[in-house]
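The values are calculated or read from the model by the stated rules, or taken from the named source; none is laboratory data. Computed from a predicted model, the values in this text were never measured in an experiment. FYI the Cβ positions are ideal-geometry reconstructions off the backbone, even for glycines, and counts take in every protein chain you see.
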Amino acid sequence: MTSIDTFTLEVDDLATATDFYDAAFGLSGPGSLLQLRATDAATSGFRGFTLSLITSQPADVDALAETAIEAGAEVLKPVAKSFWGYGGVLRAPDGTIWQIASSSKKNHGPATRRIDSVVLLIGADDVLASKRFYEEQGLEVAKSFGRKYVEFEAGAGRVTLALNGRKALAKVAGVPLEGEGSHRVVIGTAAGAFTDPDGFTWESVSVDVPRRPVNG
């Protein structure tokens with residue numbers, strides 16, 4: 001089954017981005033699912049995706065959000081309780097939008113900063129068309145709610161792929177819908193290279209190397 005083994009963020013300043021992700025989330029370096037590369041590709045506004053860090057309790061959301069903000073992240077939506085759980089939305093200095101969330105509203109222990117899973121959420125122009133495309137690439141659907149939301153099985157990968165409508169995702173992120181240019185994210189898979197209907201690039205990567213835990 002096709003799965004996401006890594007993702008690469010393309011950034012203006014490689015050194016600054018590396019420092020931020022190490023300090024904020026502990027999410028870069030050899031063997032990490034997050035890779036960084038320098039680029040001068042033009043981009044503006046909403047890039048059509050968010051990345052979510054899912055934790056088991058609010059204390060870990062708070063801990064991760066706090067270090068990210070201290071490292072230079074912009075608050076798009078403050079961390080708070082909601083009907084679905086607890087979380088907030090931040091924008092990293094490189095422009096990537098991160099949701100940090102837990103489905104739990106109560107703590108069960110001290111903060112550990114453990115990230116249980118990572119979700120790449122793409123804002124699709126046509127959710128059903130993108131769903132069909134990804135099924136043809138070998139991804140298996142885990143949840144589907146018509147044209148509103150689709151989530152795929154992570155399989156052996158360390159990142160879960162999900163689809164939302166572009167307008168709906170921009171609202172969730174707390175940013176204007178408009179955006180153009182490079183997505184500035186490249187998705188790594190052992191299943192081969194392709195480009196999806198929304199212009200997101202998947203590239204071939206080797207998984208025959210030791211891999212760190214999500215934020216280990």
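Some observations on this one:
- Counted as qualifying within the stretch 43-162 are the strands (runs of 3 or more DSSP E) with 2 or more residues that are in contact with a Gly (Cβ under 6 Å, 6 or more places away or on another chain) and either crowded, with 21+ Cβ neighbours inside 10 Å or of a type in the set (Phe, Trp, Tyr) (or both), namely 97-102.
- Test result for Thr50, more than 23 Å from Ala162 (Cβ to Cβ) and β-branched (Val, Ile, Thr): no
- Test: residue in the stretch 8-16 that is at pLDDT 95 or above, touching a His at 6+ places or on another chain (Cβ under 9 Å) and under 22 Å from Thr160 (Cα atoms): yes
- Pairs are defined by a Cβ separation below 9 Å, a sequence spacing of at least 6 or placement on different chains, a first member in the stretch 113-137 that is modelled with pLDDT of 95 or more, and a second member that is assigned to a helix (DSSP H, G or I) and exposed (fewer than 15 other Cβ atoms within 10 Å of the Cβ); the pairs so defined are Gly123/Lys167.
- Residue within the stretch 181-193 that is among the aliphatic types (A, V, I, L, M), over 22 Å from Leu36 (Cβ atoms) and either over 18 Å from the mean Cα position of the chain (by Cα) or modelled with pLDDT under 95 (or both) present: yes
- Residue in the stretch 87-106 that is over 17 Å from Asn164 (Cβ atoms), touching a helix residue (DSSP H, G or I) at 6+ places or on another chain (Cβ under 8 Å) and without any contact (Cβ under 8 Å) to a residue 40 or more places away in the chain present: yes
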